[in-house]
Ligand code: NAD
């Protein structure tokens with residue numbers, strides 16, 4: 001299927017690794033020109049080289065913290081225009097809400113709610129003016145089924161989800177702009193491995209045993225891959241998905257047990 005997005009420009013945030021990288025790779029394969037960001041320049045440049053080797057759209061890499069005003073300004077300045085925005089950043093740490101003060105909450109809100117809102121504010125009106133725009137927010141399955149130790153994530157991402165539900169249905173909807181969120185369940189990325197390593201150290205169980213237990217609890221009996229996450233993202237960004245907006249799409253191998 002031709003996704004019809006060759007030559008479009010995408011800003012893919014937090015994309016040197018994991019799910020962001022999977023989205024960038026899928027878009028580059030479709031001939032989309034991408035600007036990718038991450039904090040560490042070295043890994044980011046290595047990822048950019050990998051993406052260029054795919055032989056699709058142009059790839060530009062901008063090192064910086066996307067949760068800061070400077071990081072966002074640099075990322076936005078690197079794109080001649082933004083047709084596709086993939087919002088992503090690292091997830092907040094696990095813990096007990098009794099230990100979190102205002103600073104921890106503000107950090108989580110900055111990364112997982114206010115940064116994507118700032119980037120939408122900077123881009124959606126111009127998208128609407130050109131009659132085409134796609135925003136994909138990488139959130140979490142925790143928006144649909146909260147995870148007790150990830151209270152910062154549950155709270156901040158739910159705030160973003162509520163805001164987006166309104167914005168997606170505003171006057172930009174009739175002008176070719178869609179906004180959707182992709183909710184990952186368990187994907188085999190560094191983030192998941194670091195979290196699982198923490199559990200392995202705490203419980204004294206080997207990491208591979210915990211990883212296979214985790215996979216075994218999912219109906220698909222495996223973890224997701226960044227490539228399949230990216231493929232869904234690219235479809236949502238395609239010309240074929242223009243009637244899909246304001247949705248929260250769970251990608252979790254069937255882990256969420258509800259009918260809806
Ligand atoms: P990852 O650790 O594999 O990759 C994260 C990427 O984000 C890296 O490229 C990192 O350099 C970049 N990054 C982090 N903070 C940044 C910042 N402030 N500015 C710029 N770049 C930054 O993580 P992942 O598994 O790909 O997760 C992506 C998002 O999805 C996270 O918010 C995570 O909490 C969420 N998520 C992941 C899973 C999963 O199973 N992997 C499940 C649910 C939610």
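Computed from the coordinates by the stated procedures, all read-outs in this text should not be read as laboratory data. Bear in mind that the values here come from a model prediction, so they are computed numbers and not experimental data. Methodologically, a virtual Cβ is constructed for each residue, glycine included, from the backbone with ideal geometry; neighbour enumeration extends over all protein chains shown.
Across region 195-242, what is the number of residues that are more than 15 Å from the ligand (Cβ to nearest atom), without any contact (Cβ under 8 Å) to a residue 40 or more places away in the chain and part of a loop (DSSP other than H, G, I, E, B)? Residues meeting the conditions: 5.
For region 182-194, the set of residues classified as farther than 19 Å from residue 161 by Cβ, more than 6 Å from the ligand (Cβ to nearest atom) and touching a helix residue (DSSP H, G or I) at 6+ places or on another chain (Cβ under 9 Å) consists of 188, 193, listed by residue number. Look at (1) over 29 Å from residue 109 (Cα atoms); (2) within 14 Å of the ligand (Cβ to nearest atom) and you find that residue 57 fails only one, number (2). Using the structure shown, decide if residue 162 is surrounded by fewer than 19 Cβ atoms within 10 Å (Cβ to Cβ), within 24 Å of residue 257 (Cα to Cα) and more than 12 Å from the ligand (Cβ to nearest atom). Criteria met by residue 162. Taken over region 17-44, the criterion of being within 12 Å of the ligand (Cβ to nearest atom), surrounded by fewer than 24 Cβ atoms within 10 Å (Cβ to Cβ) and free of Cβ contacts under 8 Å to residues at least 40 places away in the same chain is satisfied by 39, 40, 41, 42, 43, 44. In this structure, residue 124 does not qualify as assigned to a strand (DSSP E or B), in contact (Cβ under 8 Å) with a residue 12 or more places away in the chain and buried (at least 19 other Cβ atoms within 10 Å of the Cβ).
Residue under question is residue 179, and the condition is that it be away from the ligand (no atom under 16 Å from the Cβ), touching a residue at least 60 places away in the same chain (Cβ under 8 Å) and closer than 16 Å to residue 133 by Cα; does it hold?
Details: away from the ligand (no atom under 16 Å from the Cβ): yes; touching a residue at least 60 places away in the same chain (Cβ under 8 Å): yes; closer than 16 Å to residue 133 by Cα: yes.
Yes, satisfied.
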